[in-house]
Amino acid sequence: MMQRVLVIDDQSYVRATVVSALRANGFDAVAVESGPAGLGAITEFRFDLAIVDIYMPGMDGIKVIKELRSRYGRLPVIAMSGVQIGVSERTVLDHLSKVPGLSDIVCLRKPFRPNELLAAVQNALQLAA
């Protein structure tokens, strides 16, 4: 059975790129533009994985991930971000593992190539297995 992936990102080109790469590699992908839309979609359909952008207007990705985890426990999650902290090369992703309950989140730094996305997907699915 095809694995279903929920993609939550406020940027339409990111959603389109991720969905295209996932579908080309045999996944069923559903993309939404906000945290609330993602939480709505996941109540309607079963997903095997969620890919969540950290910086979104309204409800940020950390809140979305915490809500997903409170509702669906061990749902595999990939967090995406390209926003750097200050002048460093670090992003918020470098600090996610220190947040209680989020240590097993797979992080994907934007911009990324399709092979990096697919490696993150496989990694997240294996962590949850």
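Before moving on, here are some points about what is shown:
- Model label points for residue 43 and residue 122, set 7 angstrom from Cα along the Cα-to-Cβ axis, are 3.6 nm apart.
- Estimated at the nearest 10 Å², the accessible area of residue 70 is 80 Å² with a 1.4 Å probe.
- Difference of contour (0.36 nm per residue) and Cα-Cα distance, residue 60 to residue 103: 13.7 nm
- Net charge of Cβ neighbours under 14 Å - reference residue 7; Lys, Arg +1; Asp, Glu -1: -2
- Where [x] 43, 32, 24; [y] 56, 29, 25; [z] 44, 30, 29 are the candidate values, the label of the one calculated here for Cα extents along the principal axes in Å is [z].
- Based on alpha carbons, the Rg and Dmax found for region 1-67 are 11.2, 34 Å.
- In the chain, the DSSP-assigned H stretches of four residues or longer account for a calculated mean residue ellipticity at 222 nm of -12500 deg cm²/dmol, using -39500 (n - 2.57) per stretch and the full residue count as denominator.
- Full-stretch length increase - residue 67, residue 1 - with 0.36 nm per residue and alpha-carbon distance subtracted: 21.1 nm
- Measuring nothing but protein heavy atoms, the accessible surface of the chain at 1.4 Å probe radius is 55 percent carbon and sulfur.
- Estimated FRET transfer efficiency (residue 113, residue 11; beta-carbon r; R0 25 Å; 0.05): 0.90
The values are calculated or read from the model by the stated rules, or taken from the named source; none is laboratory data. All figures in this text were calculated on a predicted structure; none of them were measured in a lab. Don't worry about glycine lacking a Cβ; one is built from the backbone with ideal geometry, like all the others, and counts go over all protein chains shown. We work out accessible area using only protein heavy atoms, side chains counted, and drop any ligands, DNA or RNA first. Shrake-Rupley method; radii C 1.70, N 1.55, O 1.52, S 1.80 Å.
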